[in-house]
1. What list of ³J(HN,Hα) couplings, whole Hz, do you get for the range B:140-149 from phi and the Karplus terms 6.51, -1.76, 1.60, once you set θ to phi - 60° and write x for glycine and proline?
2. Taking the highest mean first, how do the peptides B:148-158, B:81-91 order by number of other beta carbon atoms within 10 angstrom per residue?
3. By its C-alpha gyration tensor, with a ≥ b ≥ c as the square roots of the eigenvalues, how is the range A:461-512 shaped: rounded for a/c under 1.5, else prolate for a/b larger than b/c, else oblate?
4. Averaged over its residues, how many other protein chain Cβ atoms are within 10 Å of peptide B:137-145's Cβ atoms?
5. Using the count of nearby Cβ atoms within 10 Å as a rough guide to exposure, how do A:I432, A:I448, A:I392 rank from fewest to most?
6. Taking only Cα atoms of the range A:339-460, what ratio of Rg to Rh do you get with Rh as the Kirkwood inverse-distance radius?
7. On alpha carbon coordinates alone, what is the Rg over Rh value for the range A:385-425, Rh being the Kirkwood radius?
8. By how many degrees, between 0 and 90 and to the nearest 10, does the Cα long axis of helix B:57-83 differ from the longest principal axis of chain B?
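FYI, it's all coordinate maths here, none of it is from the lab. Everything numeric here is computed off the predicted structure, so don't read it as measured data. Note that each Cβ is placed from the backbone with ideal geometry, even for glycine, and that neighbours are counted across all protein chains shown.
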Amino acid sequence: MANETELADTAEAVAAVEKLQRLHPLSWLFVLVVQLRQFALPLIILLFTGRGDRYELFSLVGVLLLGIYSVFQYITYRYRVMDDELIVRSGVFQKSVRHIPFGKIQNVSITQNILQRLFNVAEVKLEAAGGSKPEAHMRVLGMRDARQLEELIRSHAAVIQITSDEKVSSANIPVSDNEILHQLSLPDVVKIGLINNRGMIVIGAAVGVMFQSAGDMMGKLMKSIFNMFFGWSGSLHLGTVAMVLGIIFLALFFLVLVRIFSVLLALLQYYGFSLSQLGRRLTVQSGLLSLVRSSLPLRRIQAYSLFEGWLHRRFARRSLKVDSAAGMAMNEENKSPLRDLVPLADPAKMDELIARFLASDQWPIRSWQNLHDDAWKREFLLPALLCTAITIAASIFYTYYAIVLLAAIPVLYLRAKVWSAHAAFACTEELIAVREGWISREWRFAEIGKLQGLSLREGILDRRFGMASLYLDTAGARPMASAFRIPYLPRAQADKLMAQLSAKISKSPLPF
Amino acid sequence: MNTEITKEIPALVVSDEWKPLAASARNVFMYVAAITILLISLVPATVFVLAADDAVWWEYAGVIALICLATGFATLIAYKSWRNTYWKLDAEALYVRRGKTWFKQICVPRSRVQHLDFERGPLERKYGLATLIVHTAGSQERALRQSGLLLADAEYLRDVLVPKDRRDGE
């Protein structure tokens, strides 16, 4: 049974929450808002193009039905906090009662969008290990209730960890204060915006949606813009050179606009970013209008990905992303911020933080080993062959000027050389790491105990050089991310490394 | 009494040797490949027959020849993949190696196995074979999927990799 003394601080909280609780009275409003958002854009476009009264009526009826349904959802959702579990009763037609033990909850995330901030309420999501859907999703609770719930679960989890793990109870855990590890200043947030250029993605998506839903209107708009611009420049009698200059100027203007937009987006997401640690749990909090706050136990981190792009280098910063096993909750509104654990930090601070997360002296790694001597040839060969093939095909079928594509070959050669100079791997006592890149640099690493499987691959080209690649499987990797692997090792070394890792993995028990 | 099962002695032992797939699996692989290609080629073939009103006899012959070629090729690949697949269960992990030109060796550490599934198609059931699917906590849907194992081997692997007390609902 849980230690009563340790829960002394939260005894009040426990007493307050023990009866069956309803969600906040305004929950129906927020559920409605979420439903509306999905229909908002088509609805707006429908209203503007005004296809007829019948359709408008249908949409209004739809909104009404959604409203009624969300009210029912709010009324039927009840929860209750017990000694070591959370009981949730929900369902309009199909009633369900769920018992969620506190030990199972790995991540508590509290989020607020602008509207929710106004009313001082928040959404609470409770996530369990390895699942992609949250165990419980409460929309919305009053902010005080949400904090109480979070505190309750955290203290329960901390107690469970202490009493069940012998090694931990003898170590010195700082349970008293929340220790702030890292904060982002305003210049840092601006740099993030300039680097990640999310504005481009948002604008691209918006343009895509507009073209899809109102195609000919967009076409007319584009045509009129074109005519306006070229008509104006034509009337100035400036000729081809000026027109080219004009296009370049317009492109630059557009790029600057996109960057400014990206900075604004970064401000929205990362303003006031703070990473703190309580015991063995990390908490991340950020957001300008919408506040997002999540926590993650350190041992749930599966793999790390450290990145330094060209712009990162100009600003002397790096960024760290992690894969965690606490569910990849890709939901309608926001991604879990725990992927972007340290969005920006200077290299020294970053190394310090990583050493802290790993709780070992294995980082930064000093024993990097080279890949196969001919790795640059292998990295150069395939793209070069492809480039040659495309050039030949283009010259035959289109124009002889396609020969100019061959200029890419020296660039590919340079790329292969720089890439293989930087590429390396390291296998220390606890870590397996690989670094790659030519203009951008990337370090991927993980604790060996967190590996779930290995596979060695050798293609035709690899066989020619006597190489093989070793693929490392970890939990919680994004499906779209590049594979975590050590490329272009000499075959014998790859075999040896595989055997070494397999032996180490079998000595360490299942992390969960 | 199905004598084909007793012809082959299952491995049933943890060792350092690489074991080939079941001998009866060879025919199964080849049948499956041939049938799959034939079924797939039914679609373009019917389209061709319906669309070509004035096709000459040698065009028909060409299509049939193409289908035969594809079937033969697929069967050859299936045979090669059966020939070049080996597996091994030792103290640390389950290993499977596949292929010669495109080589892949998968290592599933025993301490990482979460659960095991069997899949047995009609042909597999007739010949006493099974497809083994191993799940870990890794990011892919499954760590390993291997057909062509003797049922006894597959069951032995399941007993060794997921001991009875870890299994739920069996």
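1. 6, 4, 9, 6, 8, 9, 10, 9, x, 8
2. Put in order of decreasing packing, that is B:148-158, B:81-91.
3. Here the range A:461-512 falls in the oblate category.
4. The mean count of partner-chain Cβ atoms within 10 Å per residue comes to 6.
5. Details: A:I432 26, A:I448 20, A:I392 14.
With the sparsest Cβ surroundings first, the list reads A:I392, A:I448, A:I432.
6. Ratio value, two decimals: 1.12.
7. Details: Rg = 13.5 Å, Rh = 11.3 Å.
The Rg/Rh ratio comes out at 1.19.
8. Compared with the principal axis, the helix lies near 10 degrees.
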